[in-house]
Amino acid sequence: MYTTRDPFNLRSKATRAAPSAFQLLQTAATRTTQAVESTKQSTKQAVEATKQAIQDSDMSFAVPRNLESASRRFEENVWSKVTGNEKGLPMYKDKPTGYGYGGSGSGKRGFVKSKKGLVTITLLVLGVFYWLFVPGSNQTPAARLSTGGGWFGSNIDKKESLWAKRQEAVKDAFLLSWNAYEEHGWGYDEYHPVAKTGRYMAQPNGLGWIIVDALDTMMIMNLTKELKHAREWVSTTLDYEKDQDVNTFETTIRMLGGLLSAHYLQETLPGLKPANSNEEDMFLEKATDLADRLVGAYESPSGIPWASVRLKDSKGEASHADGGASSTAEATSLQLEMKYLAYLTGEEHYWEKAEKIMQVVDDNGAKDGLVPIFIYADRGTFRGNEIRLGSRGDSYYEYLIKQYLQTQAQEPVYLDMWEETLRGVKKHLLTYTKDSHLTVLAERPSGLDGHLHPKMDHLVCFMPGTIALAQTGGLTLDAAQKLPSWGKLQEENMQLARELTKTCMGMYRTTATGLSPEIAHFELGDEPKMYKDEILPSNTDLDPTVEEGEGWKKDFIIKPADAHNLQRPETAESLFYMWRITGDEMYREWGWEMFSSFLAHTTIEGGRGFTSVNDVTKIPPPSRDNMESFWLVRRTLPTHFFFCFLRYGLTDL
């Protein structure tokens, strides 16, 4: 519990004089930016200096690398336009230097803590990352050019040329969707491509969910014309004077997350800043205004946010269902955005309110790291004991490891919580299908002592990619396996990630359309085999030509109420992670197969975009006439496919 792990100094006033994790993040980030601009060192020195830094440094750490990474420069490889003078994470321009920073440590300044030492070590660490991650970076420029390659590796061969065309197909699909929305649904929060209309989710004039959510995708795809139109709408039309409650979680991840991503990418990628320099902070200013209104949701007696908030007066409201309880996943999936905003603005209260939630959840003392799916905002206690990693539970677990990675491993409490969770999943929830021994991440509707329910929401398919990310920390598998910390447990967990990815792909291949249902059930043996008793490899390659109800497909059960597809991204995200981490072409091919199924069965006649569908077991599948807002965004389908079809090594996780 947080009584023994309190890295944020939230519980003891006696420790408030010490610099918080947030203050350390700001200080280190600023120094890192100065370091990148002022010095260069060799890779060999980097390795030695990094080892020394790990031994000597007390909470000095670099800018978050795995979310909104300062070292991420994937567009160098896509556009080849970056000058090399780019800075790290952008700070809010109106804040004076040093605003909101914590105090300095006491005692003599060793090499690691000195300005020169910190500058040297930080840049050297970045040098190591470059040497490890960029293909051919350990060759001289002459060697790279002598092989016919450019600075970032060899020429694209025929296979990569094919993948480049497939990547363009993803961009074309985005443009098809965007152009239809722009023509028939502009400004609406929901778009119905068949009816050519839409719906506002908040009055008056909505929040432009689709527009804001797609900003970062357009930046990544370098769609400057479309981006200009969207930017103009955000600048001139978006406002939050809505006398209506909105979902705290959805508004945070889509609106606040979309604005912060746009601000970051605008500062990082070439050619995206507005012509008028006075408008450079527009996305951040809109994000700050929104966050200040969302803060009202956190003003509950316990610190657990209310499920909804009225934007006009920042008043939080309890859930209108579920006995007034908030979804555990929703309450614990606000942290990445709020922490990043705290860093950008220097306003620590965003950080503290997000961290308070995690303290309250952890203080409940969940058994084996598995938490019930509802929590009361007024009391701060769980409602019921249902355990699942699907809806209402999913992103709590996903955000544990991502919070750890966001602050460069300086909050080990989240690694502890993640590892406890994974042990709990192995002990209580992992089982195997009857014939093919596919790994199933099941549910316990009546608590951990209750019966095992062999059901997986599509939402659960975030888990295999997240497991892989947690094992390597974003490194490639080859690089991670060379670390002293790598061992049998990490190999076991990577194999678990592979098996769960296969099960998720099976949810697609088992249907007539090649699209996954929202929920799949599974056939287990009369006495289900459990992962904790025996680790079994699957015995199928998911042959798609197998007849329905035969062979491996007998292990899948799709109920009529669960047969719809909502264009969800979780499997595509895991395929992206697995491809980038392992380099196994199979995951790339699976991604193309999935994308092709979406093209074949969800395209609206007449080029009016794409829609979710009602029954993936029928051809053609009945349309739901709704283009989900997350169909277009960076965090979901098009851009996971876009990155999956990039050449290996061109993006940094």
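The values are calculated or read from the model by the stated rules, or taken from the named source; none is laboratory data. For clarity, every value in this text was computed on a predicted model and none was experimentally measured. Cβ atoms come from the backbone with ideal geometry, glycine included; neighbour counts cover every protein chain shown. Just the protein is used for accessible areas: all its heavy atoms, side chains included, with ligands, DNA and RNA removed. Shrake-Rupley method; radii C 1.70, N 1.55, O 1.52, S 1.80 Å.
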### Query
Are any of the residues in the stretch 300-313 more than 26 Å from Leu269 (Cα to Cα), in a helix (DSSP H, G or I) and in contact (Cβ under 8 Å) with a residue 12 or more places away in the chain?
no
Looking across the stretch 398-408 at residues that are within 11 Å of Ser333 (Cα to Cα) and not charged (D, E, K, R), the single one that is surrounded by the most Cβ atoms within 10 Å (Cβ to Cβ) is Leu400
_With the structure loaded, tell me whether Val170 is assigned to a helix (DSSP H, G or I), open to solvent by less than 10 Å² (accessible area, probe 1.4 Å) and either among the small types (Gly, Ala, Ser) or at pLDDT 95 or above (or both) or whether it fails that test._
no
Considering the stretch 341-360, residues that are surrounded by fewer than 23 Cβ atoms within 10 Å (Cβ to Cβ) and β-branched (Val, Ile, Thr), and then whichever is nearest to Gly323 (Cα to Cα), we arrive at Val360
Across the stretch 254-291, the tally of residues that are within 19 Å of Leu334 (Cβ to Cβ) and surrounded by 16 or more Cβ atoms within 10 Å (Cβ to Cβ) stands at 18
Pro412 fails exactly one of (1) open to solvent by 40 Å² or more (accessible area, probe 1.4 Å); (2) more than 22 Å from the chain's Cα centre (by Cα), namely (2)
Somewhere in the stretch 326-340, is a residue surrounded by fewer than 23 Cβ atoms within 10 Å (Cβ to Cβ), farther than 20 Å from Trp209 by Cα and small (Gly, Ala, Ser)?
-> no
Within the stretch 611-636, residues being crowded, with 18+ Cβ neighbours inside 10 Å, hydrophobic (A, V, I, L, M, F, W, C) and at pLDDT 95 or above number 2
Pairing a residue in the stretch 386-397 that is in contact (Cβ under 8 Å) with a residue 12 or more places away in the chain and over 17 Å from Asp449 (Cα atoms) with any residue that is of a type in the set (Val, Ile, Thr) and part of a helix (DSSP H, G or I), where Cβ atoms lie under 7 Å and the two sit 6 or more apart in sequence or on different chains, gives Gly390/Val460; Arg392/Thr328; Gly393/Thr328; Asp394/Val460; Tyr396/Thr328; Tyr397/Thr421
Ser395 vs (1) part of a helix (DSSP H, G or I); (2) open to solvent by 20 Å² or more (accessible area, probe 1.4 Å): all pass except (2)
query = So is Lys286 at pLDDT 95 or above, within 30 Å of Leu223 (Cα to Cα) and not in a loop (DSSP other than H, G, I, E, B) or not?
reply = yes
Of the conditions (1) in a helix (DSSP H, G or I); (2) under 22 Å from the mean Cα position of the chain (by Cα); (3) basic (Lys, Arg), the single one that Lys554 does not satisfy is (2)
inquiry  = Condition first: within 28 Å of Gly303 (Cα to Cα) and among the hydroxyl-bearing types (Ser, Thr, Tyr). Can you find one or more residues in the stretch 424-433 that meet it?
reply    = no
Wholly inside the stretch 430-483, strands (runs of 3 or more DSSP E) that include 1 or more residues that are open to solvent by 10 Å² or more (accessible area, probe 1.4 Å) and in contact (Cβ under 8 Å) with a residue 60 or more places away in the chain are 455-457
Residues in the stretch 189-240 that are over 26 Å from the mean Cα position of the chain (by Cα) and of a type outside the set (A, V, I, L, M, F, W, C) total 17
Residue hits (the stretch 511-528; open to solvent by less than 20 Å² (accessible area, probe 1.4 Å) and part of a loop (DSSP other than H, G, I, E, B)) are Thr511, Thr513, Gly514, Leu515, Ser516, Pro517
Here the qualifying pairs (Cβ atoms under 7 Å; residues six or more apart or on different chains; first in the stretch 360-382 and closer than 13 Å to Thr421 by Cβ; second modelled with pLDDT under 95) come out as Asp362/Met1; Asp362/Tyr2
Reported set for the stretch 529-560 where residues are touching a residue at least 12 places away in the same chain (Cβ under 8 Å), open to solvent by less than 60 Å² (accessible area, probe 1.4 Å), at negative phi and not hydroxyl-bearing (Ser, Thr, Tyr) is Met530, Leu536, Trp552, Lys553, Asp555, Phe556, Ile557, Ile558
With the first residue restricted to the stretch 488-514 and required to be closer than 20 Å to Glu398 by Cβ, and the second required to be acidic (Asp, Glu), Cβ contacts under 8 Å at 6 or more apart or on different chains are Cys504/Glu570
Restricted to the stretch 219-253 and to residues being surrounded by fewer than 16 Cβ atoms within 10 Å (Cβ to Cβ) and among the polar types (S, T, N, Q), the residue nearest to Ala377 (Cα to Cα) is Gln244
- Task: Could you please let me know if Tyr587 is closer than 27 Å to Phe643 by Cα and in contact with a Cys (Cβ under 8 Å, 6 or more places away or on another chain)?
- Result: yes
